[in-house]
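As structure tokens, the structure follows; a few thoughts come after it.
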Amino acid sequence: MKKLLAILLTLAVLCSVSVTALAADTDVQTFVYTDVAEDLAEIDEDGAFHQVGNYVIWLPSFFEEKELSEERVEQGYIANIEAADRSAAIIAFTDTNEEKADLDTLAAAYLGAGLDAEVVEVNGKPAMLYVDETSDTLNVLFLEEEDMETVISFYPLSDEGFNSLIPVALRTVQQGIMWSSVEPIAATVDAKGAVYPITGYDYAIWVPSVLNDTELSEEDIENGYVAYLTTNDESAAAWVARWDNEDGDTLESLKEYYTGEGAKDAELSIINGIPALTYSNEELDSAYVVFLPSEDEVVSVGFSPASDEGFGTVAMLMASSIQPVK
């Protein structure tokens, strides 16, 4: 525990969280996952990502997800992740943004109410960071669609040990999905579906029973296909392809490239702990998940037709199931 705190305190100095009123010419403070990604295993090799609404957050292994009571769910709570000794917690909830206020307006209102508040950017998504001394919390607020907001609270801010973890954990908050949160849905959609390894990689993916593995030709393999699955009537398909990363692309540069090529909804996310890029191609009626097994290789998992509501659900479940094989 002492080693953990020492590492966290060092990182806290490097990645300090500053919540102060913004001057007109102050740059927006950014929190980026890549700043701490390589340090997570050293902090706690058994640490893991947890689902928090539409987001994920990495926490050390002594944090556990707690089941929410019906009353709390009705109140809008979406996550309660506590330290084993209950000395600290990450609590998340949703609320309505009735005034449809933007982040700058909200920050001004919070400052007017005596709270330190600042508009920031967390892994590319605008957010508001604010401190509530009364509840002893640091909070990050995201605006969602349909006049909703998501708030993730870190408690207690005043605890030195936990306070040193916050700058690290905050940088891991990003859009993502954990298989554990959607596996029950997959079982309902297709009880015969199962998780299979992706040949040649330390990854696995859930495959519904309606998809059959197709034998690849030499040409397919030369073109980078690793697997190709299709329905009996060939009306829908999923595939895995790979190529050498000759240009040294990152997920960020790939996002920029595909967006420039007309891709829709290109988003960086975390899928079961794996940094990934998701996007769709309307012209090809397809959707993709891209990840980098190493600096030298790019792997893409594709689905088509993305516009089909039924197969779209299957594709979402398959994409959400991509996971490392331990």
TODO: Answer yes or no: is there a residue in the range 233-240 that is more than 15 Å from Val298 (Cα to Cα), out of contact with any Lys or Arg (no Cβ under 9 Å at 6 or more places or on another chain) and of a type in the set (Asp, Glu).
DONE: yes
Task: Qualifying positions in the range 183-208 - more than 21 Å from Ala237 (Cβ to Cβ) and hydrophobic (A, V, I, L, M, F, W, C) - done: Ile185, Ala187, Ala191
Task: Ser286 surrounded by 15 or more Cβ atoms within 10 Å (Cβ to Cβ), within 18 Å of Ile322 (Cα to Cα) and touching a Pro at 6+ places or on another chain (Cβ under 8 Å) - done: yes
- [ ] Pick out, from the range 225-326, the strands (runs of 3 or more DSSP E) lying fully within it that include 1 or more residues that are within 19 Å of Val189 (Cβ to Cβ) and in the same structural domain as Trp206 (by TED's automatic domain parsing).
- [x] 225-230, 237-244, 264-271, 286-294, 297-304
Task: From the options Asp35, Asp27, residue that is surrounded by 16 or more Cβ atoms within 10 Å (Cβ to Cβ), modelled with pLDDT under 95 and not hydrophobic (A, V, I, L, M, F, W, C) - done: Asp35
TODO: Can you work out which of the residues in the range 256-279 that are polar (S, T, N, Q) and crowded, with 20+ Cβ neighbours inside 10 Å is farthest from the chain's Cα centre (by Cα)?
DONE: Thr278
- [ ] Look at the range 154-187 and say how many of its residues are among the polar types (S, T, N, Q), assigned to a helix (DSSP H, G or I) and modelled with pLDDT under 95.
- [x] 4
- [ ] Please work out if Glu82 is out of contact with any helix residue (DSSP H, G or I) (no Cβ under 9 Å at 6 or more places or on another chain) and more than 21 Å from Ser135 (Cα to Cα).
- [x] no
TODO: With respect to Glu252, determine if the residue is acidic (Asp, Glu) and either crowded, with 19+ Cβ neighbours inside 10 Å or at pLDDT 95 or above (or both).
DONE: no
Task: Options Val195, Val226; residue that is touching a residue at least 40 places away in the same chain (Cβ under 8 Å), β-branched (Val, Ile, Thr), under 15 Å from Ser321 (Cα atoms) and surrounded by 12 or more Cβ atoms within 10 Å (Cβ to Cβ) - done: Val195
Task: Residue check for Ala204: in contact with a strand residue (DSSP E or B) (Cβ under 8 Å, 6 or more places away or on another chain), in a strand (DSSP E or B) and surrounded by 13 or more Cβ atoms within 10 Å (Cβ to Cβ) - done: yes
TODO: Evaluate the range 267-274: report whether one residue or more is farther than 21 Å from Val182 by Cα and among the charged types (D, E, K, R).
DONE: no
- [ ] May I ask you to verify whether Val140 is closer than 21 Å to Glu267 by Cβ, assigned by TED's automatic domain parsing to the domain that holds Val28 and not in a loop (DSSP other than H, G, I, E, B)?
- [x] yes
TODO: For the range 232-248, enumerate the residues that are surrounded by 15 or more Cβ atoms within 10 Å (Cβ to Cβ) and either at pLDDT below 95 or under 16 Å from Gly200 (Cα atoms) (or both).
DONE: Trp239, Val240, Ala241, Arg242
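The values are calculated or read from the model by the stated rules, or taken from the named source; none is laboratory data. Computed from a predicted model, the values in this text were never measured in an experiment. Glycine gets a Cβ as well: all are built from the backbone with ideal geometry, and neighbour counts include every protein chain shown.
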